Structures are given as structure tokens and as C-alpha cells.
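The next block holds one structure in the form of C-alpha cells; read it before the comments.
The values are calculated or read from the model by the stated rules, or taken from the named source; none is laboratory data. Bear in mind the structure is a predicted one, so any value in this text is a computation, not a measurement. Cβ coordinates were reconstructed from backbone atoms using ideal geometry, including for glycine residues, and neighbour counts include every protein chain displayed.
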Amino acid sequence: DSSTKCSYIFNVHRDMSDEEYEEVSDEEKLQIAQHFLLSSPPGQFDEVLADVKKLLPPSLISPEMLTGIARAYNTRHSTLVTVGDKVMPICKEAEIDATKYVDSVSKKMVKVDHTKWTGTVVEDKPLPPTAFDASVESKRTAILSAVETYVTKHFGGGRAACGVYSKEGKITVVISGDKVNLKNFWSGAWHSTWTLESGELSGVAKLKAHYFEEGNVQLQTTKEFPKVAIGGGDDEAIGKAVAEEIFKAEQALQMALGAMYINMSEETLKSMRRVMPFTRSKMEWNLQAHKMVKQLHSK
């Protein structure tokens, strides 16, 4: 677990010549702790925090410091927070201040507890006048409607949400989804950010997956999508075109990852194996033969 990995780093640097130990300063420990927390796998921030606290002096991480680290983590990963009976992504585009964010669907202000991943609608305060760009509001709303349909259709089985924001004529789409099943030792998250500016759409998707049953395997992937032109037409047509381009790009990434896993099991592991095992007998790499033996054993 996390404590096993970082206990040496937190506690000592060993001098092999005289067998002495040098204590790591509190400042260094905090930097290491922050690194581990910001690198937490999806849905496991609290688990990593619990391990980190075991390795630190009591109260070294103050509540204010923890809130700041959690805020940075949530923003970096577009983490979903629960607001009533729905979820919304945390991102810099939605940020009003350190704890208040724009809900682009309801167009209301939400106060967020970064360490509990919950939010509360602020009913008695309106959004700042600069929360959205009025000149592209109709287009933003149309894109939001189309992207919400896409997310609902293709992000099933877990939690997912999107937000669409606008500033100075630029429209930004943020999509976030996660699946967390710690009882079965796995979790994963997907978040992407898309920008529509001057009739061109570009984006970046980031994926994290973690499997830790009798091991610790993580996948982290970042994919940038080049600019593509979005055709003209009314706002509804533009919204549908944006959602369609996002779907095509993200589906291509998903298919490429699937192909990579197939290739990994059939080719990559084969290339890593030594040509001649210790038995001095060559390994038979006939996949069909192995599949046939497996089928016979299963009968």
C-alpha cells in the first residue's frame, strides 16, 4: 500500500558508509505527502491520506492545508462532487473562488466541500455578471444540451456529468466520469476538456485506471485532439456537431486502448519473454494451440 512505498522516503536517507540516518525535514515531508495525495488513484484520496498520516507527525497537515491539497486534486482531475441528487465536475472554468463554483446546468452558485466531495446550492446569491458570456449564451446552451445527451448515452454504469462554460467568445466543455469499486480492487476515471473557438474544436482527454488485487497496476493516459472545423448553421446544429466530434474522437481513443490491451496480451508479453527458457526448450507461441488446450481443460 501507500505507506509501504513511501515510509523510507518520509523517515530517513541512509548513509551507507557510516550507517547513520538523516531525518527528513517537515517541509520535505509535506512536499512528499502532497505529491502522493495529488497522485491518488480515482476514488482513493481518503485511503492515501490515511496512509500518509501514519507516516507524518500528528497535525503536520492542518485542515486548511488539506483543503487546499484536495482543491488542487479536484481541479486537476475534474473530480465529481455530489450536489443534491446529481453530480457536477470541479474545474477551473467553473471556479468563482476557492469554495464556490458555477453549475452550468442550473446556472446557480454551488459551495463545495473539497474534502467531502459535496456541494450545496447557494440560493441567496446570484452568479457574478461575468459567469457566462452573453454573446454566445444561446450557442453554449445548445452545446450543453447535445453533450448532456452524449454523456447520458455513453457513460453508463458509473457516475458522469458535463459542464459547458463561456468566456470572451470561447466555449469550454468539461466531461468527467468515474467508476469506483474498491471492494473488488479497481477504480477508474475519465475526464476531457474541449474548447470551441473561432469555429474550431480541440480537446484533451485524461484517463486513470487502477487495479490492485494482489498487485498494483495503474494506467495513466493523456491524449490531445487536434483542431477540427465545426460547420455553420444555427446554434442547435452547432451543438450537435460539437457533440458528434467529441463522440468520434473519444470513441477512437477507447477503441485504441482496447486494441492495445489485446496486443499487450498477444504480442507485447511475447516479445518480453526470453527466447530460450531455463528448461532449454522453446516456448510454443501458437495461440490457436493454446486456446484449444484451454478449451479441452474446461470440458
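Restricting attention to the range 206-235, the residues being farther than 16 Å from Phe247 by Cα and of a type in the set (D, E, K, R) number 5. Just checking, does the range 78-85 include any residue being closer than 25 Å to Ala142 by Cα, crowded, with 21+ Cβ neighbours inside 10 Å and out of contact with any Asp or Glu (no Cβ under 9 Å at 6 or more places or on another chain)? Scanning the range 78-85 turns up at least one residue that is closer than 25 Å to Ala142 by Cα, crowded, with 21+ Cβ neighbours inside 10 Å and out of contact with any Asp or Glu (no Cβ under 9 Å at 6 or more places or on another chain).
Of the residues making up the range 119-144, those that are surrounded by fewer than 15 Cβ atoms within 10 Å (Cβ to Cβ) and among the hydroxyl-bearing types (Ser, Thr, Tyr) are Thr120, Thr130, Ser135, Ser138.
The residue that is farthest from Val180 (Cα to Cα), among those in the range 9-67 that are modelled with pLDDT under 85 and hydrophobic (A, V, I, L, M, F, W, C), is Met16. Within the range 260-271, identify whether any single residue is within 25 Å of His77 (Cα to Cα) and modelled with pLDDT of 95 or more, and answer yes or no. Within the range 260-271, none of the residues are within 25 Å of His77 (Cα to Cα) and modelled with pLDDT of 95 or more. Cβ separations smaller than 8 Å between residues 6+ apart or across chains give the following pairs from the range 52-63 residues that are within 16 Å of Phe36 (Cβ to Cβ) to residues that are buried (at least 16 other Cβ atoms within 10 Å of the Cβ) and aromatic (Phe, Trp, Tyr): Val52/Phe36; Leu55/Phe10; Leu56/Phe10. When Glu224, Glu266 are checked against the criterion of being closer than 24 Å to Gly177 by Cβ, among the acidic types (Asp, Glu) and surrounded by fewer than 12 Cβ atoms within 10 Å (Cβ to Cβ), a single residue qualifies: Glu224.
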